[in-house]
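Everything below concerns the one structure shown next.
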Amino acid sequence: MSLLSRTYSIFSILGYYASTFITYLIDSIILLLVAAVAIILTIYFFRKYMARVQLRIGPNRVGKYGTLQLIADALKLMGKESILPRLRDDLPYKVAPILVFTGLMIAFSLLPYGSFFWIGDVFISNSGVGIILLFAVLAIMPIGELLAGISSHNKYSLTGALRSVAKDISFEVPMMISVLAIVVMASARTPESLNIASVVSSEILPYGILQPLGLFVFYIGMIARASYSPFDMGESESELVSGYSTEYSGMRFGLFYVGMFGTILLGSFIVSLFYLGGYNGPYQWNLGLIYLLIKAVVVIVISFTVWLTMPRIRIDKFVNLGWKYLFPISVINLILAGFLTLYLGW
Amino acid sequence: MMEFQPGEERGKDGRRIIKVRKEDLVSTLSKLKSEGYIHLSLITGVDRKDFIEVVYHLHSFERNEYISVKTVTYNSEVPSVTSLWKSADWEEREEYDLVGIRFIGHPNLKRLFLPENWVGHPLRKDYDLKNVQYINVDEEGEDYATFDPGDGW
Amino acid sequence: MVAMSDWVELNIGPHHPSTHGVLRLKARVEGEMVREVEPVIGYLHRNAEKLCENTFFCDNIIYFDRMDYVGAPGMEVGYLEAAEKLLGVFPPERAVWIRTIMAELSRIASHLIWLAAFGLELGMLTPFFYCFDLRESILTIFVEASGSRLLTNYCSIGGVYQDFNEKITDEVEKFVQDAPKKVEEINSLFIKNDIFISRNKGIGVLDKNVAIEYGVTGHMLRASGVEYDVRKAEPYLAYSKVNFEIPTSTKGDNLARYLVRIEEIRQSIKIISQSIKKLPEGPFFNPKAKKSMMIRLRGDGEVYARTESSKGEFGVYIVGDGGVKPYRVRVRSPSLRNLSVMRELGRNVMIADLVSILGTTDLVFGEIDR
């Protein structure tokens, strides 16, 4: 049983088409809400952790231990006037933050979250080509950033958007090659080697142990995708004011902000699913979701530590890093994975 | 005020002060520069009401001593020393801005701090402090001065 | 609209996160490369020199506080060096040592602000708070001594405002004990980071001759290979009686400037630790300059006094006409010369490097615009 089938059984009285539609609608809304809450928790956790690292206390005024601070911030952002620059290109300017947010939310719905006690398997989509879908959806977000940068008609925004694009091109290719190495390895044991759930379920050892190089490349890629320090060249505050989101304010800016933290959360889920064994754990007591969350939190803590200690890398050096180091490493990793699969049968 | 005499004297803190006519200024300074006084510390214009005194403070890293060169001008025109020191560029612009000394031969003699259309030079003794000027910024981002309090701040 | 040409004119500032206040840089940018930079200043201009002409000698100190507002006592010392020579009123021995301690504390405070902002410019969030944590202990001493954190107005003509009591000397001793460890901790946050090294090594190389041509002083000149520090070249206060070294480097790049400044902090701590031990007993102000007499002090002649502020050679030129107010005051602002060399350093660098070079020059606009 899974979350989907349980919901379906409730509405099955309405007939096939209606109940399928309602099932997906309700489950998507549930996932949206859970994801939103999870992002808020991530931001709260980040702020507390950052404060701890920086000899501060962090939010402590709104609610007990500042737990409601993020709600207050969100309300403040919604209440703020959204200032529109006069020279904007209206449609892309308004679409851009929505694109970023939508891409993120769709990506959340494509992941399997393992099983959770009586609910069963938690997932919305169990597509046979889930991996391709996932990275196709993730590729929507850079388009949003580019649109935001160009439509603002601000020189800082434009430079920031161009930097984001240069950055995306240089890390996406090695990242996809390292994902390909996983698919190669999984194809030895499962016929559905592009289905995320079967890739994760069919593993013997976590792929991160078999492919440490792949994990390295992919993790750097995920940091760059979420664009926080050291790879926040696109919105580097001290150089380009705020990069592509310079001209945004109010809730439109809030969507970019949420998009960034959402990407961190999503990235840690993806890294733990693909490389750290995902929802597999020592005991199979329907604890998959818990295992996944624990792994994701560990990845998030590592990410935040990297964020808070590293200075920003220069864009040309990052492009160098992408093409001269990450790309060869990922190719070597792919070849190694091929050998391991062919001759050792891992 | 006593008549200006070229020559050399000791200042209150024991430093050498060389007094030159403004025609000899550039040649004197370039001679000093070749002697090792390569650090131009400061250019000062002092409005003495009848004339303007221009003082150059130089320093020598090798000998570890400093020296001042003084000249006067009656028509507020002094030859520029930007050919000797690049730092003189902004120093002379500042003195032009605030004291109103015109440095002849300066490549880009504009005001450094105040807007270009500011009236008067504040460090002149005859500058009227009661005549308030306001500053505003135009469409291009350049600032301008105005006497109208409603226009600027 | 963006102009349809190869280059774009990018206005960096006056309201930009990394311009330390109100600097405006007109940059000609080709993609990521900055071809030319023209600094535009004057947004904080108050004409302190004119203000000084209209106030008594003893009251002018507050205008100097507001110049380098992150290290105010150092500026007061600079003014008083000139003013006291002009007036012929000199501070007693104890006041000289107290001023030395305050000047060095303000140098460390100013360097820490610079270090914090420099980290932010490179995208490092965390060292900021470590720097401010250490700076806080200096500001505590300032509060104890003068009653004010930032604009202390502590030194006065012929002495200091109030004597160093037991509590302040204890605070200073505690600072001297704690600071070296904290400085090393902050330093390790920067220097052990490979990205930090790669962002700064060989970036913004300032040639020795160019630096002298532009009148650059302070850490930028020393990082380019000229061992010029007014504290050694023409010792004032008690600097001739303490042991310290002038850090220099021949590299002239951002990293050299960073290392020189870190070493300066260490040397300043060394000076303070010696000074607090040698602090003599005695009066802390000259009776000739007691409060009722202060506004009657008259000065004649002209004096140019230089001090080493945290930014470089800080000169004050005072001309007196025998009155109770100075006839003309002229200030040599070290940051202004250090900024003017940006026209050379800002050629053909990337935007990211422009920001980090600007960070190492350490600009304070209260002092540049005056």
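Which one is farthest from C:Gly204 (Cα to Cα) among residues in region C:358-370 that are in contact with an Asp or Glu (Cβ under 9 Å, 6 or more places away or on another chain) and aliphatic (A, V, I, L, M)? Of everything passing the filter in region C:358-370, C:Val364 is farthest from C:Gly204 (Cα to Cα). When region A:59-80 is filtered for residues that are within 20 Å of A:Met251 (Cα to Cα), basic (Lys, Arg) and part of a helix (DSSP H, G or I), only A:Lys76 remains. Restricting A:Met310, A:Met251 to residues that are away from every other protein chain (no Cβ under 14 Å) and surrounded by fewer than 24 Cβ atoms within 10 Å (Cβ to Cβ) narrows the list to A:Met251.
A:Glu145 - would you say it is among the acidic types (Asp, Glu) and closer than 23 Å to A:Thr159 by Cα? When the stated conditions are applied, A:Glu145 passes them. Residues considered: A:Ile83, A:Ile29, A:Ile13. Of these, the only one that is β-branched (Val, Ile, Thr) and either buried (at least 16 other Cβ atoms within 10 Å of the Cβ) or closer than 24 Å to A:Leu265 by Cα (or both) is A:Ile29. In region B:120-130, the count of residues that are surrounded by 17 or more Cβ atoms within 10 Å (Cβ to Cβ), within 14 Å of chain C (Cβ to nearest Cβ), closer than 18 Å to B:His39 by Cα and among the charged types (D, E, K, R) is zero. The condition of being touching a strand residue (DSSP E or B) at 6+ places or on another chain (Cβ under 7 Å) and aromatic (Phe, Trp, Tyr) holds for only one of B:Tyr134, B:Tyr127, that being B:Tyr134. The residue of region C:7-32 that is farthest from the other protein chains (Cβ to nearest Cβ), among those that are acidic (Asp, Glu) and part of a strand (DSSP E or B), is C:Glu30.
Any residue at all in region A:203-221 that is among the charged types (D, E, K, R), free of Cβ contacts under 8 Å to residues at least 12 places away in the same chain and either surrounded by fewer than 24 Cβ atoms within 10 Å (Cβ to Cβ) or within 14 Å of chain C (Cβ to nearest Cβ) (or both)? No, region A:203-221 contains no residue that is among the charged types (D, E, K, R), free of Cβ contacts under 8 Å to residues at least 12 places away in the same chain and either surrounded by fewer than 24 Cβ atoms within 10 Å (Cβ to Cβ) or within 14 Å of chain C (Cβ to nearest Cβ) (or both). Restricting attention to region C:45-62, and to residues there that are within 14 Å of chain B (Cβ to nearest Cβ) and in a helix (DSSP H, G or I), which single residue is nearest to C:Leu112 (Cα to Cα)? Ranking the qualifying residues of region C:45-62, first place goes to C:Ala48. Residues that are within 10 Å of chain B (Cβ to nearest Cβ), acidic (Asp, Glu), over 21 Å from C:Ile212 (Cα atoms) and touching a residue at least 40 places away in the same chain (Cβ under 8 Å) do occur in region C:350-370. The requirement of being closer than 30 Å to A:Lys94 by Cα, more than 14 Å from chain C (Cβ to nearest Cβ) and out of contact with any His (no Cβ under 9 Å at 6 or more places or on another chain) is not satisfied by A:Ile177. Of the candidates B:Arg93, B:Arg48, B:Arg15, B:Arg10, the single residue that is touching an Asp or Glu at 6+ places or on another chain (Cβ under 9 Å), at negative phi and within 12 Å of chain C (Cβ to nearest Cβ) is B:Arg15. Just one residue in the set A:Asp73, A:Asp89 is charged (D, E, K, R) and away from chain C (no Cβ under 14 Å); that residue is A:Asp73. I want to confirm something. Restricting to region C:211-220 and keeping residues that are within 11 Å of chain B (Cβ to nearest Cβ) and in contact with a Lys or Arg (Cβ under 8 Å, 6 or more places away or on another chain), which single residue is surrounded by the fewest Cβ atoms within 10 Å (Cβ to Cβ)? The residue in question is C:Glu213.
A residue that is hydroxyl-bearing (Ser, Thr, Tyr), closer than 30 Å to A:Gly160 by Cβ and buried (at least 17 other Cβ atoms within 10 Å of the Cβ) occurs nowhere in region C:71-89. For first residues located in region A:116-140 and among the aromatic types (Phe, Trp, Tyr), partners that are in a loop (DSSP other than H, G, I, E, B) and lie 6+ apart or on another chain with Cβ distances below 6 Å form the pairs A:Phe116/A:Val122; A:Phe117/A:Asn286; A:Phe123/A:Pro112. Listed by position, the helices (runs of 4 or more DSSP H) contained in region A:183-293 that have at least 3 residues being more than 30 Å from A:Leu75 (Cβ to Cβ) are A:196-201, A:207-210, A:212-226, A:250-274.
Selection of helices (runs of 4 or more DSSP H) fully inside region C:244-352 by the criterion of at least 3 residues being over 30 Å from C:Gly42 (Cα atoms) returns C:254-278, C:291-294. Working carefully through the options C:Val331, C:Val319, find the one that is free of Cβ contacts under 8 Å to residues at least 60 places away in the same chain, within 13 Å of chain B (Cβ to nearest Cβ) and over 22 Å from C:Arg94 (Cβ atoms). Within the list C:Val331, C:Val319, the selection yields C:Val319.
Values quoted throughout were computed directly from the atomic coordinates according to the rules given, and no laboratory measurement underlies them. Source: prediction; values computed, not measured. Positions of Cβ are generated from backbone atoms using ideal geometry, with glycine treated the same way; all protein chains shown enter the neighbour counts.
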